[in-house]
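The values are calculated or read from the model by the stated rules, or taken from the named source; none is laboratory data. In this text the structure is predicted, and so the values were computed from the model without any measurement. Here the Cβ positions follow ideal geometry from the backbone for every residue, glycine too, while neighbour counts run over all protein chains shown. With ligands, DNA and RNA removed, areas are computed over all heavy atoms of the protein, side chains included. Shrake-Rupley method; radii C 1.70, N 1.55, O 1.52, S 1.80 Å.
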Amino acid sequence: MIWETVIGLEVHAQLSTQSKLFSNAPTQYGAPPNTQTNYVDAGLPGVLPVLNQRAVQMAIQFGLAIQATIYNNSYFERKNYFYPDLPKGYQISQFQRPIVSQGHLDILLSDGTSRTIDIDRAHLEEDAGKSLHEAHANYTGIDLNRAGTPLLEIVTTPCLRSAEEAICYLKTLHQLLRFLGICDGNMQEGSFRCDVNLSLRPQGDSKLGTRTELKNINSFRFIEKAILFEQLRHQDLLESGQVIVQETRLYNPDKNQTEHMRSKENENDYRYFPDPDLLPIQINPSELAFLKDTLPPLPADMTKRLKESDALADDHIDFLLTSPSVISFYNTIKDKSGAPGKLIVNWLKGAYAAALNERGLTFDETLIPADTLAVMLGKLADNSLSNTSAKKIFNQLLTSTVSVNDLIAAEQSSQLTDTSELEAIIRTMINNNPQQAAEYRAGKDKLLGFFVGLVMKQTKGTAEPSLVSALLIQHLM
Amino acid sequence: MNDQSITALSQALTAKTISAVELTHDYLKRIRQHSELNAFISVDEDLALHSAKAADQRIQQGLGGALTGIPMAHKDIFCTQVLRTTCGSKMLEHFQSPYDATLVQDLEKQSVVLLGKTNMDEFAMGSTNESSYFGPVKNPWDLTRVPGGSSGGSAAAVSASLCAFATASDTGGSIRQPAAFCGISGLKPTYGLVSRYGMVAFASSLDTAGLLARSAEDLALILQYVARHDEKDSTSISSSTPDYLKSIHAPIDRLKVGLPRRFFHDDVEPDIQQAVLDAVHQFEQMGATIVELDLPLLSQWVPCYYVLACAEASSNLSRYDGIRFGHRSAHHDSLRELITQSRNEGFGLEVKRRILTGTHVLSAGYYDDYYMQAQKVRRLIRDECRQVLTQVDVILGPTTPTCAFSLGQKPTNPTQTYLADIFTVGANLAGLPALSIPAGINASGLPIGIQLIGAHFDEARLLQLAHHYQQQTPWHAMRPDLKGDEL
């Protein structure tokens, strides 16, 4: 029996607004419990929600980026259930008429093929608070800081067919959200949460099998492992004639297995109805046009451009598109230096990335300003700076704010003043190797390289090779 | 002193005929004297006198406004930082709100003197004020009868001159019906005119903050200070408001008053029917034309209202789970029990009944037949009312089918009590402004109220018509004969 895996993915992306979806409390991660919870978030008697327009704009931007339908007059509904971290006893969400509908995202698989993933809907909803079970021995602590944070729930159709496709889609979506600037994608902090719906069916069947849901997995690696395990678990059960129980499962990374969390049969009837405290979301055409015109460059378009006009290889492009700050850094340097893309990428991926790493920094922080590097790489590109000098100057730039031009000038003059030192080294090398010196003078020109090597070794590679050659020739005459 | 209009009181305070402190003392004394009415849930005498002193200072400095130093009360549904906010419920018996409702803030800015929080049906659910955890309120006109509800405490307090005016809320008639039963004037403004922020929610799309006072003139004066856009309430309208006090004095000019024939059915007390007809005559004398009209959907008003109100209430009251505030049960062995027991202990019977009803009509399998259907019917009712109000300027009729009934009446079918709201729920369903004013006394000496319903944002017209009516009639000036009052 050949089984086909059918996967649908739900991603909850926390939108990076300054304040919550329905109140003006701040949304920063990591604050002490209940310090970013105002009366509206706490669901006190008499409070009312007020919609954060920035969240709406972000949802629209996402919709535009995936060529979806943006519904005018979408509205909020109440999803009713009781839980301590849900202060009002209902979550304000969207049900029948989500703001974004019917979009798609193209993904590139490792074998080079591309697939179009259908995104059924994306809607706005507020996040719940957190239940902290481990905080105290005898009771559970409720932290409402997260309550009310805006979420964009992005749901695919069950069109994915493998763990690889699922991870590829998630990574592509993750990148898109970060490049749109609407979500920081930090999975450790819960900014990007994925739920997997998985079922199996005999290949060729059109009817969907019973699905299970996998929740609370916070890394791409674990999601992949969880899917692979769950796929097999379904297969084992089905092949032994057993039934799949519709349930929600967690992934246990220590045992590399999924485990039962709760049954779907006891699922609440959420009694959705339109929230009477909020008006429908009206989107005026001029705002929509503005958001369309001001969409930031998207990864798919940037990949194309980098391939075609900058002639970069795939792994270089991947590196540049790891985050908006990397590509932005690259773009600035490229514009200002006129240096070829490949040269820039090599320096960024190599020396610069290493230097950042050493200091525990990322491209989000500035170690050497892009303008400065642009000057240096520009001179390297037009051969007015040698590779060795560039390396020297680069190292100096890490700790000094002196301009590149000044550093080059200092380097050249120090080269001149150091000539005497260098000449001393050259005389020593010639005296220590009389036979080779004689042979060179007799016509064995190749031996110049031998002497250059000795001097370079003596100066630990800091001497300028062309200068060394010139001086040696002088002294060997 | 207590029978004066707010304008007269304000003039007396400015002229220093009386001080706010003296005035407040008078009212506090009356509250104590008439504690049998049980109109108040909490009173803070020191606080009131402190506010009065501050008000006197403002007046002294020439900074007094029309409401400065005027003693008033808030229905215990409005969140106040001072005094508790109980909503007449055990669930919030000890609740201390950390913030003030917008309405409360707006009136505080005017330096009113807050005497206390008034009694009400639990979570505003009821029309007799008997469902309050803090005991029933008595009608000042007859202590064996109900004052109406859910704003029974506010109505009784104004009627018995325990305060100059009171705030209240109206979801299905909770301002107008008690106003009628207690012989005073009550205004339910257009939905969206007055902020709901800080008014504990019962049914969000129906709840309206409003006022109870002795006259249309008083209502117009107070309305000026609370009718405004509030950015904290997404359903708050932002449009300019007229000068209500000025507009009530404008002459009545070719006004068309609509009289729905369906308002005169057998269940309406004959005395009430007569009072309406007398009012019709009065309006005609004032220059109005009476137009007979039909409201074919009238019989749908009550069932439509109760489906929607209960549905919204079932969701609005979910936050009372014993976890963050409010009553928490001491008897529970699990999280589920913590929630269910807290709610079981904290809520009264009527609240439970409405939560269950609301949950039912929103449940899978019932949603379409009940909730969805009611929403459709609501739109039709609204459209019908709007259509009628293009043909006439106001709709006139009785506020209630009967006068105040006796305390302790327990009909076999709870929905029978709901039918008493027959005339009032329409304005809530359609979001229209409506006013109840005294229009007579029945054979048993009980007040009769008539209702005026206007087009959206036409409060000025309602108040104008009512004011002119009150200039020509004695009803609003009548007072209950309270034991212990000086003759």
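Tabulated data for the structure shown
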{"read-out": "³J(HN,Hα) computed for each position of the range B:320-329 - Karplus, 6.51 cos²θ - 1.76 cosθ + 1.60, integer Hz, glycine/proline x", "value": "8, 10, x, 9, 9, 7, x, 5, 10, 5"}
{"read-out": "Accessible surface, per residue, of the range B:1-96 when the full set of protein chains is kept, probe 1.4 Å, Å²", "value": "42 Å²"}
{"read-out": "Solvent-accessible area of A:Arg97 with every protein chain in place, 1.4 Å probe, in Å² to the nearest 10", "value": "80 Å²"}
{"read-out": "Sparse-neighbour loop sites [trypsin sites (Lys or Arg not before Pro); the range B:218-305; at most 14 other C-beta within 10 Å; DSSP]", "value": "B:Arg254"}
{"read-out": "Chymotrypsin sites (Phe, Trp or Tyr not before Pro) within the range B:219-298: DSSP coil, no more than 15 neighbouring Cβ in 10 Å", "value": "B:Phe264"}
{"read-out": "Accessible-area ranking of B:Asp458, B:Asp233, largest first, probe 1.4 Å", "value": "B:Asp458, B:Asp233"}
{"read-out": "Mean separation of Cα contacts under 8 Å, 6 or more apart, over the residue count of the range B:40-139: relative contact order %", "value": "34 percent"}
{"read-out": "Solvent-accessible surface (1.4 angstrom probe) belonging to B:Val276, in square angstrom, nearest 10", "value": "0 Å²"}
{"read-out": "Dimensionless Rg over Rh [the range A:195-299; C-alpha; Kirkwood]", "value": "1.17"}
{"read-out": "Charge dipole magnitude, Cβ of K and R +1, D and E -1 - the range B:345-487, Cα centre, debye nearest 20", "value": "260 debye"}
{"read-out": "Interface burial for B against A (accessible surface, 1.4 Å probe, total of both chains, Å², rounded to 100)", "value": "2800 Å²"}
{"read-out": "Chain A - charge dipole about Cα centre, Lys and Arg +1 at Cβ, Asp and Glu -1, debye rounded to 20", "value": "740 debye"}
{"read-out": "Rounded tilt (10° steps) of A:387-399 against the dominant C-alpha axis of chain A", "value": "60 degrees"}
{"read-out": "GluC sites (Glu not before Pro) restricted to the range A:138-216 and DSSP loop, no more than 13 other C-beta within 10 Å", "value": "A:Glu189"}
{"read-out": "Rounded Å value of the spacing that divides the Cα centres of the range B:166-186 and the range A:105-144", "value": "49 Å"}
{"read-out": "Alpha-carbon centroid distance for the pair the range B:55-132 / the range A:419-477, whole angstrom", "value": "97 Å"}
{"read-out": "At 1.567 mPa s and 4 °C, Stokes diffusion of chain A via Kirkwood alpha-carbon radius, µm² per second", "value": "48 µm²/s"}
{"read-out": "Evaluated at q = 0.07, 0.09 Å⁻¹: base-10 log I(q)/I(0), Debye formula over Cα of the protein assembly as shown", "value": "-0.73, -0.99"}
{"read-out": "Shape call, the range A:45-121: gyration tensor on alpha carbons, a/c limit 1.5", "value": "prolate"}
{"read-out": "Prolate/oblate/rounded call for the range B:392-469, Cα gyration tensor, a/c under 1.5 rounded", "value": "oblate"}
{"read-out": "Degrees separating the helix A:53-65 axis from the principal Cα axis of chain A, which is the longest one", "value": "70 degrees"}
{"read-out": "Largest to smallest principal axis extent of the C-alpha atoms in the range A:397-477, angstrom", "value": "49, 19, 19"}
{"read-out": "Exposure rank, largest accessible area first [B:Val291, B:Val194; 1.4 Å]", "value": "B:Val291, B:Val194"}
{"read-out": "Partner lysines for A:Lys349 [C-alpha distance under 30 Å; skip if fewer than 8 residues away on the same chain]", "value": "A:Lys171, A:Lys225, A:Lys304, A:Lys307, A:Lys334, A:Lys336, A:Lys379, A:Lys391, A:Lys392, A:Lys457, A:Lys460"}
{"read-out": "Pair-distance profile P(r), taking every C-alpha pair of the range B:88-173, with 10 angstrom steps and integer %", "value": "18, 45, 33, 4"}
{"read-out": "C-alpha center-to-center spacing [the range A:1-79, the range A:327-388] in angstrom", "value": "38 Å"}
{"read-out": "Relative intensity, log₁₀ I(q)/I(0), of the range A:1-92 from a Debye sum that treats every alpha carbon as a point, q = 0.13 Å⁻¹", "value": "-0.61"}
{"read-out": "Shielding by partners - mean other protein chain Cβ count within 10 Å, residues of A:81-94", "value": "4"}
{"read-out": "Candidate residues B:His34, A:His136: accessible-area rank, largest first, probe 1.4 Å", "value": "A:His136, B:His34"}
{"read-out": "Descending semi-axes in whole angstrom, ellipsoid equivalent of the range A:76-224, from the Cα gyration tensor", "value": "30, 18, 18"}
{"read-out": "J(HN,Hα) series, the range A:131-136, from Karplus relation 6.51 cos²θ - 1.76 cosθ + 1.60, nearest Hz, glycine and proline x", "value": "9, 9, 7, 8, 5, 10"}
{"read-out": "Scattering curve values for chain B, log₁₀ I(q)/I(0), Debye with Cα scatterers, q = 0.08, 0.09, 0.11, 0.12 Å⁻¹", "value": "-0.43, -0.55, -0.84, -1.01"}
{"read-out": "Gyration tensor verdict on the range A:295-392 (Cα atoms; rounded if a/c is under 1.5, prolate if a/b is larger than b/c, oblate otherwise)", "value": "oblate"}
{"read-out": "Crossing angle, helix A:220-239 versus chain A [Cα axis fit, 0-90 degrees, rounded to tens]", "value": "50 degrees"}
{"read-out": "Solvent-accessible area, 1.4 Å probe, carbon plus sulfur percent, for the protein assembly as shown", "value": "50 percent"}
{"read-out": "For the range B:175-242: Kirkwood Rh in Å [reciprocal of mean 1/r, alpha carbons]", "value": "12.7 Å"}
{"read-out": "Average Cα contact separation per residue, the range A:244-300, under 8 Å, 6 or more apart, as relative contact order %", "value": "22 percent"}
{"read-out": "Per residue accessible area in Å² of the range B:209-341, where ligands, DNA and RNA are left out and the probe is 1.4 Å", "value": "44 Å²"}
{"read-out": "Pairs of alpha carbons in the range A:222-368 whose separation is greater than 24 Å (percent)", "value": "64 percent"}
{"read-out": "Per residue, the convex hull volume that the Cα atoms of the range B:22-146 enclose (Å³)", "value": "108 Å³"}
{"read-out": "Inverse of mean 1/r across different Cα pairs in the range B:256-315, Kirkwood, Å", "value": "13.7 Å"}
